[in-house]
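Right, one structure below, let's go through it.
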Amino acid sequence: MIMHYTIITEPHEKGGFTARCVEIPGATGFGNTQGEALARIREAIEVVREAQNAELHKTIAAVHSEIIKIEVADSA
């Protein structure tokens, strides 16, 4: 599945570029060129998504479900 993210790039005060993802706070990429910054933010997003998926699978595996049938008397 292809996901789309909004990336903001800005020149860095010490040279190069910073890229940040609007949808994933804290995901940033730095590079000497805008292209490098975009490549690094792409990597950062992949790392975050992998961690989120692993956490989701861990949570799902930890949930123990049980199906129980009960009887309820008819009030009529």
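Some observations on this one:
- For segment 12-22, the set of residues classified as out of contact with any helix residue (DSSP H, G or I) (no Cβ under 9 Å at 6 or more places or on another chain) and surrounded by 10 or more Cβ atoms within 10 Å (Cβ to Cβ) consists of 22 only.
- Within segment 25-74, considering residues that are β-branched (Val, Ile, Thr) and farther than 25 Å from residue 1 by Cα, the one modelled with the highest pLDDT: 33
- Selection of first residues in segment 6-25 that are under 12 Å from residue 39 (Cα atoms) and of second residues that are of a type in the set (D, E, K, R), restricted to Cβ pairs under 6 Å at least 6 apart or on distinct chains, gives the following pairs, ordered by first then second residue: 18/10.
- Pairing each residue of segment 42-60 that is closer than 27 Å to residue 19 by Cα with any residue that is of a type in the set (Ser, Thr, Tyr) and surrounded by 10 or more Cβ atoms within 10 Å (Cβ to Cβ), provided the two are 6+ apart or on different chains, yields C-beta distances under 8 Å for 44/28; 45/5.
The values are calculated or read from the model by the stated rules, or taken from the named source; none is laboratory data. Values in this document were obtained by computation on a predicted structure and should not be read as measured data. Neighbour counts are summed over all protein chains in view; Cβ atoms, including those assigned to glycine, are modelled from backbone coordinates with ideal geometry.
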